[in-house]
Structures are given as structure tokens and as C-alpha cells.
Amino acid sequence: MSKSIDLVAGAGLRDKTRKSRLPARLDFLQSASGLFLALFMWAHMIFVSSILLGKDAMYTITKMFEGYYVFGKSYPGLVSCVVAVVFFVFIVHAGLALRKFPINYRQYKLFRGHMKMMQHEDTSLWFVQVYTGFAMFFLGSVHLYIMLTHPDKIGPYASADRVWSDLMWPLYILLLLAVEFHGGVGLYRLAVKWGWLEGKNPNETRKKLKKAKWGITIVLLTLGFLSLAAYIKIGIAHSDQVGERYTPAGVEQPHQ
Ligand code: HEM
């Protein structure tokens, strides 16, 4: 009898002393998935804003992602593969972030109280992350599911029809605001947390990082809203021919 109690007691004590590395590993995973998504969004903004260079430019980018210039034929399924990877990382990142959300209203009130009392910008930025992250649970999932299931419906007319005639523009306005603030603050917090670019004077670096963060966020928001305005303008003009696909002059209309 006593031997088994010792064993259990011993085991308990032994486990007690060794600090679990799991939280640190999960933090690293959250940072890595966040970095991947933030860099993906920079690329995404470049591709989506190609509409500002004209319909032919956006058509070319779309065909490129469908493998047309490699295989001589379009495979929209390739886009679904990319979306599936991004959606998986998006869900993992959101799941890991749940660990940092206030677990009940009392804790939420406590955090809010601290934020008001401390008047510390980095603490307030944490709340920006919680609110924008929460919003993207829903807004981002809608967009990603549509892209996953309708990869063949991307293009100058198809995207514009979705934005205007399918009424996606209100969702895109909210998603654009959420993703650009979340991505900007996220990259800033990663740089501070992991000490990137720290240099000899961390406070000075932090000020510069904050300026860079706001600069990048303003550039991406401007590009995003200009692109959205371009898709809306094309969508309004095309609202009588919804479903018609865009093809550049001299390129044969794909068979419907
Ligand atoms: C591989 C995954 C993705 C693909 C293929 C994709 C594709 C597209 C395309 C083609 C558009 C143009 C409008 C349309 O066709 O409806 C668009 C717009 C947009 N996407 Fe994505 N997207 C992806 C992931 C994401 C993610 C993860 C987010 C944010 C969480 C996001 C946020 C947006 C926003 C805010 C717009 C509006 C564009 C703007 O305001 O300029 N996208 N996306």
C-alpha cells in the first residue's frame, strides 16, 4: 500500500517541479502563424490591387494563379489548394489566440480597467488585437469559404460582380479595417516580443517601429479602399451582365 502512495506522491512532486514548455511552444506557434498570415496579406493586397492597373493586369494575375502560363490551361483548383493552406493557418492562429482572450466578463472588466488606468499604448493595442481578431473569426471565414469553394469565380468582372451585385462590399470594408489594423499591430508586437531590430536603444527602436507600423497600415488601408472602390465602380457598370467573364481584347471568350 505505502509503496503505491509514494509512487503517486513522488510522481506528483516530480511533475510539479518541471515547468511545462507547452505555453512557450504555443506562443511560438501563434507568432509564426501570425507572421505567415501578415506576410500573406501583404502579397494578397498586391494581387487584389492589380485592378488599379486595369482589368488586363488583374486578369493576368488571376490566370497566373490558375497555372495558365505554366500548363497552357487554367486549373482554379490550384487556388483552392492555396486557400486551404491559408484557411488552416488562419484557424490554428485563431485557436491559439483564444488562450489570450478574457475568459469571462469579470476578467474582461479587469483588463479594461487596467487599460484605462495605465494609459499605456501597447496595452491598448492588445485590445485592438482582441476586437479585430474576434471580428475576423466571422468576416475572414466567410471570405475564405467563398474563395475555397468558388476559385473559378475570380477575375475583373467576376470579383466586381461579387463585390457589388453579390453585396460583399460591406463585409470587405469591415474585413479590410480589421485585417490591416490586426496585421500591423501584430507585426509590431512580434518585433517587440522577439526583440527584432532591437539595436542599442530599445526605446528608440520601439518608437521607430510604432511609426513604421502606422505608416504601413495607412498605405495598405489606402490601397485596399482604392481597390475596393475600383471593384465597386466596375461592378456597378457591369450589373446588367452579371456572370459574364472578362477576357482581354484578342483573347477568346471561355465557353460558358
Ligand atoms: C488564399 C486565400 C485568399 C484568396 C484567394 C483571396 C482572394 C481575394 C480576391 C480575389 C479578392 C477580390 C474581391 C473578390 O474577388 O471577391 C479579395 C478581396 C479581399 N480579401 Fe482576400 N483572399 C484570400 C484570403 C484573405 C484573408 C485571409 C483575408 C483577411 C483575413 C482577406 C481579406 C480580403 C479583403 C479585406 C478584401 C477586399 C479587398 C480590398 O478591400 O481591397 N483575404 N480576396
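The values are calculated or read from the model by the stated rules, or taken from the named source; none is laboratory data. All values derive from a computational prediction rather than experimental measurement. Methodologically, a virtual Cβ is constructed for each residue, glycine included, from the backbone with ideal geometry; neighbour enumeration extends over all protein chains shown. Keep in mind that these areas ignore ligands, DNA and RNA; they rest on the heavy atoms of the full protein, side chains included. Shrake-Rupley method; radii C 1.70, N 1.55, O 1.52, S 1.80 Å.
Quick rundown of the values:
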read-out	value
Residues (within 16 Å of the ligand (Cβ to nearest atom) and touching a Phe, Trp or Tyr at 6+ places or on another chain (Cβ under 9 Å)) located in segment 212-231	Ile216, Thr217, Leu220, Leu221, Gly224, Leu228, Tyr231
Members of segment 90-111 that are within 16 Å of the ligand (Cβ to nearest atom) and open to solvent by 70 Å² or more (accessible area, probe 1.4 Å)	Ile91
Pairs, first under 18 Å from Trp126 (Cβ atoms) in segment 86-105, second away from the ligand (no atom under 11 Å from the Cβ) and open to solvent by 40 Å² or more (accessible area, probe 1.4 Å), C-beta under 7 Å, six or more apart	Leu96/Leu26; Leu96/Leu29; Arg99/Leu26; Pro102/Tyr108; Pro102/Phe111
Segment 234-246, subset within 13 Å of the ligand (Cβ to nearest atom) and in a helix (DSSP H, G or I), residue most open to solvent (accessible area, probe 1.4 Å)	Ile234
Residues within segment 88-114 that are part of a helix (DSSP H, G or I), under 18 Å from Gly186 (Cα atoms) and among the hydrophobic types (A, V, I, L, M, F, W, C), tallied	8
Verdict on Met115 being surrounded by 14 or more Cβ atoms within 10 Å (Cβ to Cβ) and away from the ligand (no atom under 11 Å from the Cβ)	yes
Hey, His150 more than 8 Å from the ligand (Cβ to nearest atom) and within 30 Å of Asn203 (Cα to Cα) or not	no
Unique residue being part of a helix (DSSP H, G or I) and within 12 Å of the ligand (Cβ to nearest atom) when the list is Leu176, Leu167, Leu209, Leu190	Leu176
Members of segment 62-89 found to be within 10 Å of the ligand (Cβ to nearest atom), among the aromatic types (Phe, Trp, Tyr) and either farther than 16 Å from Met41 by Cα or open to solvent by 40 Å² or more (accessible area, probe 1.4 Å) (or both), listed by number	Phe65
Single match in Asp152, Asp161, Asp56 (criterion: touching a residue at least 24 places away in the same chain (Cβ under 8 Å), among the charged types (D, E, K, R), surrounded by 14 or more Cβ atoms within 10 Å (Cβ to Cβ) and not in a helix (DSSP H, G or I))	Asp152
Qualifying residue in segment 204-213 (condition: loosely packed, with under 15 Cβ neighbours inside 10 Å and farther than 22 Å from Ser31 by Cα)	yes
Residue match in segment 127-137 (condition: assigned to a helix (DSSP H, G or I), more than 23 Å from Tyr246 (Cβ to Cβ), without any contact (Cβ under 8 Å) to a residue 60 or more places away in the chain and open to solvent by 60 Å² or more (accessible area, probe 1.4 Å))	yes
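Yes/no matrix, rows are residues, columns are (1) modelled with pLDDT of 95 or more; (2) closer than 18 Å to Leu39 by Cβ; (3) not basic (Lys, Arg):
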{"position": "Leu148", "(1), (2), (3)": "yes, no, yes"}
{"position": "Ile154", "(1), (2), (3)": "yes, no, yes"}
{"position": "Asp161", "(1), (2), (3)": "yes, no, yes"}
{"position": "Tyr172", "(1), (2), (3)": "yes, no, yes"}
{"position": "Gly183", "(1), (2), (3)": "yes, yes, yes"}
{"position": "Glu204", "(1), (2), (3)": "no, no, yes"}
{"position": "Leu209", "(1), (2), (3)": "no, yes, yes"}
